[in-house]
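The values are calculated or read from the model by the stated rules, or taken from the named source; none is laboratory data. None of these values were measured; they are calculated from a predicted model. Heads up: the accessible areas ignore ligands, DNA and RNA and are worked out on the full protein's heavy atoms, side chains in. Shrake-Rupley method; radii C 1.70, N 1.55, O 1.52, S 1.80 Å.
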Amino acid sequence: MPNLPSTNFSFTTFLLTGFPGLEWAHCWISLPIFIGYLVAVLGNITILHLVRTENSLHQPMYYFLAILAVTDLGLCMSTLPTVLGVLWFDARSIGLVSCILQQHFLHSFSFMESAVLFAMSLDRLVAIRFPLHYATILSGPRVALAGAVLGLRSAAITAAPSFRLFTFQYCHPGALSHAYCLHQDMIRLACSDTRFNSIYGLCIIMLAMGSDVLFILVSYTVILHTVLSIASARERLKALNTCVSHILAVLCFYVPVLGLSIVHRFGRHASPVVHVLMGTVSVLFPPVMNPVIYSVKTQQIRRAIIKVASLGKPW
């Protein structure tokens with residue numbers, strides 16, 4: 001029987017990948033992953049609650065932290081249903097519409113995370129370089145507007161390739177590389193012309209995330225120059241300490257993303273488990289670590305947590 005032309009049919013269901021070869025251990029593997037999701041959700045909700053209720057945290061730095069917490073919640077919640085569904089129930093099938101929506105939200109929140117980290121570097125720059133005008137320059141409404149603009153920007157830049165995914169025909173059978181949908185995975189299974197999506201995807205990564213990284217580096221160059229001009233060694237140390245949490249948050253986001261990119265580019269012969277593990281870490285590590293970092297390293301948040309815990313303050 002002759003092969004059917006690829007244009008005569010299109011798959012509308014995709015298969016997600018768990019940990020290949022370790023299906024028997026999915027139940028055990030799911031435990032640390034579930035704990036990670038639980039810590040991410042509870043930790044970021046706690047940050048949002050504290051920023052909303054504690055007057056001492058009604059400052060621009062903590063408003064940006066609240067935006068980061070919302071972004072982290074979106075980042076982990078966009079993958080939680082399918083990751084735990086695969087590990088707990090072996091629910092590997094996902095429909096076309098659900099897959100496109102999941103990859104859209106996942107990529108949008110990833111770009112949003114990068115943009116918020118850049119905005120937080122500007123916050124530190126203004127706080128250190130213009131301390132007397134800090135609250136005036138970064139007032140509450142301006143921070144809220146910045147958060148809204150960054151959110152719309154992140155959703156807009158991923159809209160075009162996501163809409164085009166609805167028009168593709170998917171005639172190449174095969175499983176997706178992770179327990180969630182990614183844009184690059186979906187176009188790999190498409191038999192339509194995907195050049196626009198491939199080129200556009202590469203461009204927005206370079207222009208959006210690349211520019212965010214560049215601006216973060218420029219911001220910290222100016223910050224370092226400003227701090228070194230301070231006469232008092234104690235004041236210099238105090239100024240730098242306010243940046244430690246943000247620097248760690250930047251590393252927690254970009255290092256796993258870079259690691260995943262390296263594995264995809266140079267680790268083609270590596271075990272599929274390595275790819276799945278790196279993919280899971282890249283989407284789960286920042287939401288888990290950010291509330292932990294800011295709770296441990298930021299004195300005001302630590303005091304607020306102790307205050308709530310000691311007084312048994314109701315939520």
- Task: Based on alpha-carbon positions alone, could you give the equivalent ellipsoid semi-axes of the stretch 1-116 from the gyration tensor, as √(5λ), descending, whole Å?
- Result: 37, 20, 9
- Query: What angle do you read, to the nearest 10 degrees and between 0 and 90, between the alpha-carbon axis of helix 60-77 and the longest principal axis of the chain?
  - Reply: 20
- Item | Residues of the stretch 1-116: accessible area per residue with a 1.4 Å probe, Å² | 47
- State the percentage of accessible surface on the chain attributable to carbon and sulfur atoms; use a 1.4 Å probe and exclude ligands, DNA and RNA. 72
- Expressed in nm to one decimal, what extension gain is obtained for the pair residue 221 and residue 25 from 0.36 nm per residue of sequence separation less their Cα-Cα distance? 65.9 nm
- Report, in degrees rounded to the nearest 10, the 0 to 90 angle that the Cα long axis of helix 80-89 makes with the longest principal axis of the chain. 50
- With all protein chains present and a 1.4 Å probe, the order of 124, 92, 52 from largest accessible area down is 52, 92, 124
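Got a sec? What order do 238, 297 fall in by accessible area at 1.4 Å, biggest, i.e. largest, first?
238, 297
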- Task: For residue 232 and residue 251, calculate 0.36 nm times their separation in residues minus their Cα-Cα distance, and state this gained length in nm to one decimal.
- Result: 4.0 nm
- Message: Could you sort 96, 38 by their accessible area in this structure, using a 1.4 Å probe and putting the largest first?
- Response: 38, 96
- Relative to the longest principal Cα axis of the chain, at what angle does helix 299-311 sit, 0 to 90 degrees, rounded to 10? 90
